[in-house]
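Please read the structure below before turning to the comments.
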Amino acid sequence: MEWTIPAEDQEARRIYQTYHTLVLTVVTRILDRAGTPEDCEECTQDVLWEFLQGPDKWDPARGSEKTYLCMLARSRAKNRRKKLMAGATEPLEDHTLAFTVPDGTERAAVQDGLRRALEGLTAEERRLFTLRFIYEWGGGEIGPALGLSQSAVTTRVNRLRKKLKKLLAIQGICMDGKE
């Protein structure tokens, strides 16, 4: 007796073999430092499964199958990253270890540069910095203390990180891998 593979399984195998590595690469890049390799693989499987369950959502007139899967992977990975990062704390020590000075300047110089960068913040930004990175409060704790919603706190912390990165760069200090 000869076994034949159903058409649906052949299509699933084709999609998996053709796009698994590509989707995993997209997902892994987005989930970098937010999730484990298992999270990346699970998200990849979810993307491929979602495509196989609803291929009619893909419109060939708008882009190739490959492009659609990349965009789907990007969207699902960003959603997963938000969930993984919600409630995650980032101790200041994580950043302290990441501070580097290209020319090998002594630790005291790095600390002085950090102090100068912090002087470039407004009083409100310094308060947010203290609550988030010194006291390691989460958005749910900071919000009521500052009269802000949790999403507003998240937005302001992200802006603060970007501003600090620029201020630290002026001082010749890099924050490797963190924005």
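The values are calculated or read from the model by the stated rules, or taken from the named source; none is laboratory data. Please read these numbers as outputs of a predicted model, since none were measured by experiment. Cβ coordinates were reconstructed from backbone atoms using ideal geometry, including for glycine residues, and neighbour counts include every protein chain displayed.
A few points about this structure:
- Restricted to the range 74-106, and to residues there that are touching a Cys at 6+ places or on another chain (Cβ under 8 Å) and at pLDDT 55 or above, the residue that is farthest from Ala34 (Cα to Cα) is Arg76.
- Conditions (1) assigned to a loop (DSSP other than H, G, I, E, B); (2) under 16 Å from the mean Cα position of the chain (by Cα); (3) modelled with pLDDT of 80 or more: number failed by Ala61: (2)
- The set of residues in the range 23-77 being more than 16 Å from Ala12 (Cβ to Cβ) and either of a type in the set (S, T, N, Q) or outside the structural domain of Glu11 (by TED's automatic domain parsing) (or both) consists of Thr25, Thr28, Thr36, Ser64, Thr67, Ser75.
- Test: residue in the range 37-57 that is within 16 Å of the chain's Cα centre (by Cα) and outside any helix (DSSP H, G or I): no
- The one condition from (1) farther than 19 Å from Asp32 by Cα; (2) modelled with pLDDT of 90 or more; (3) surrounded by fewer than 16 Cβ atoms within 10 Å (Cβ to Cβ) that Asn158 does not meet is (1).
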